[in-house]
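Q: Below is the structure I would like to discuss, written out as structure tokens.
The values are calculated or read from the model by the stated rules, or taken from the named source; none is laboratory data. This is a predicted model, so every value here is computed, not measured. All Cβ positions, glycine included, derive from the backbone under ideal geometry; neighbour counts span all protein chains shown.
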Amino acid sequence: MRTVFRDITILSPEIGSDSGWQVIERGYVVVEGSEISAVASGDLPAEIDAERVIDGRGKVLLPGFVNLHSHAPMTLLRGLGEDLPLERWLTEKIFPAEERLSADDYYWGSLLAIAEMLLSGTTCFFDMYMGVDQIAQAVLESGIRANLARGFLGDLESAKERLAEAVSLYNRYHGAGEGRLSFLLAPHGTYTCTPDLLRHTAELAGELGVGIHIHLSEAQTENQTVLARYGKTPTQILAETGLLEQPLLAAHGVHLSDQDIELLAEAGAVVAHCPASNMKLASGVARLDALRQAGVRVGIGTDGAASNNKLDMYEELRLAGYLQKVSTGNPESVPAGYLLQRAINPVPEGFGLLAPVGCIEPGYQADLQVVDFGKAHLQPVHDYVSNLVYAAKGSDVELVMVAGKVLVDGGELTTIDQEKLFAEVNKRSAKFRV
Ligand SMILES: [Zn+2]
């Protein structure tokens, strides 16, 4: 199958820069199968024919977003237990509700998350949760790309079954969906897993050749717990247990010392910044400037829908920028081009994904979004990047493609029956209201 975008504005991250963007004001992109095969400015040559030609006048084509930290099935818990501190939110609302999640709930909750993400331009997500068989099924059916992980915690003994499940998931699904589905190992955090379990996880990751997805220094109380227990910071525990020697994705990274940041930089770890969740749970403000200056790669995540409460990366981008500016008192902090790159290109090539994404160049996967700029809030255009980061909304996304397949067309889902989906999630929601 060949698809062509013509007469469209093309935005692609500048290779070798963490904030630059290449803009082709009017050009064309050819997609062959799952990959981009040609990109150029000007008119579409007459000799190029295609099964589908998409007219891009007034529209902008850019790579899809990678949501770097999520818990997909938690969409079913959206709006439960608002305005509570983290500890009470978890123990009084979230944990009891999670105990009521059935296998089918995981599936429908994930499908709702995927629908919401696709409709707002996200083409890939990194997730850790339970019910991963059902999440995988929703990923494979919908056509989105994902890196999944079965979360586990406790000590070596109590985590045994979940670890075995994580290995079995890897064996059954890693590379499924023509390479769209991949896996990491996900110990929950340094305050919820014993050092022995973390050490074992590092060894297992080395054996399987996969990386780690973990929560890190999300709340001040987490740092205090780990410090009281071991006399070390959570990042020091990662170093001591060998986790920093594996490819590592650390979610949140709100309370990091200079030395922690140095350790993460030396290890080449990636931090998933989740501004909406950190603000809503009053966890604090991650030090993006310090991370950037130290050379730590940062991505952006929504976290679960229960603590956001949306999975819209446009919203997350804007919040990430505004939060840094107001907290540092420096409007030059995290420029728009940097933020947009973080939402699109969060991980180094080969980290957690089986094919290259995040760039509009031949050989990259055709994971793309088309934004309709024919909207009052996107006119005029002095700077495409600025309009995307500070003015665009998820609902401005008109078409989404993953691995060359159109999954959102004219703002409508092509692989998910939305009416049935909404009926299912509403039917299931009542039992969570405790
Ligand atoms: Zn999380």
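Q: Against the definition (farther than 25 Å from Val389 by Cβ, within 16 Å of the ligand (Cβ to nearest atom) and in contact (Cβ under 8 Å) with a residue 40 or more places away in the chain), how does Glu87 come out, yes or no?
A: yes
Q: Moving on. If the requirement is being surrounded by fewer than 20 Cβ atoms within 10 Å (Cβ to Cβ) and hydrophobic (A, V, I, L, M, F, W, C), which of these qualifies: Val270, Val285?
A: Val285
Q: Just one of Glu315, Glu266, Glu262 is closer than 22 Å to Trp89 by Cβ and more than 16 Å from the ligand (Cβ to nearest atom); which is it?
A: Within the list Glu315, Glu266, Glu262, the selection yields Glu315.
Table: residues versus (1) in a loop (DSSP other than H, G, I, E, B); (2) exposed (fewer than 13 other Cβ atoms within 10 Å of the Cβ); (3) of a type outside the set (Gly, Ala, Ser); (4) in contact with a helix residue (DSSP H, G or I) (Cβ under 7 Å, 6 or more places away or on another chain).
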position	(1), (2), (3), (4)
Asn330	yes, yes, yes, no
Gly358	yes, no, no, yes
Val371	no, no, yes, yes
His377	no, yes, yes, no
Leu388	no, no, yes, yes
Ser395	no, no, no, no
Glu419	no, yes, yes, no
Lys427	no, yes, yes, no
Ala430	no, yes, no, no
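Q: List the pairs whose first member sits in the stretch 103-127 and is at positive phi, whose second member is of a type in the set (Gly, Ala, Ser), and whose Cβ atoms are under 8 Å apart, counting only residues at least 6 apart or on separate chains?
A: Listed by first residue and then by second, the contacts come to Gly121/Gly64; Gly121/Gly394.
Q: Of the residues Pro73, Pro96, which is over 24 Å from Ile214 (Cβ atoms) and assigned to a helix (DSSP H, G or I)?
A: Pro96
Q: Exactly one condition in (1) surrounded by 14 or more Cβ atoms within 10 Å (Cβ to Cβ); (2) under 17 Å from Thr194 (Cβ atoms) is false for Glu157; which is it?
A: (1)
Q: Sort out for me the strands (runs of 3 or more DSSP E) sitting completely within the stretch 99-202 that have 2 or more residues that are closer than 23 Å to Glu315 by Cα.
A: 122-129, 145-152
Q: Continuing with the same structure: Do you know which of the residues in the stretch 269-309 that are touching a residue at least 60 places away in the same chain (Cβ under 8 Å) and charged (D, E, K, R) is nearest to the ligand (Cβ to nearest atom)?
A: Asp303
Q: Of the residues Ala166, Ala103, which is outside the structural domain of Gly404 (by TED's automatic domain parsing) and crowded, with 21+ Cβ neighbours inside 10 Å?
A: Ala166
Q: Are any residues in the stretch 235-259 within 16 Å of the ligand (Cβ to nearest atom), of a type in the set (Gly, Ala, Ser) and more than 16 Å from Ala290 (Cβ to Cβ), and if so, which ones?
A: Once the filter is applied, which keeps residues that are within 16 Å of the ligand (Cβ to nearest atom), of a type in the set (Gly, Ala, Ser) and more than 16 Å from Ala290 (Cβ to Cβ), the stretch 235-259 yields only Ala251.
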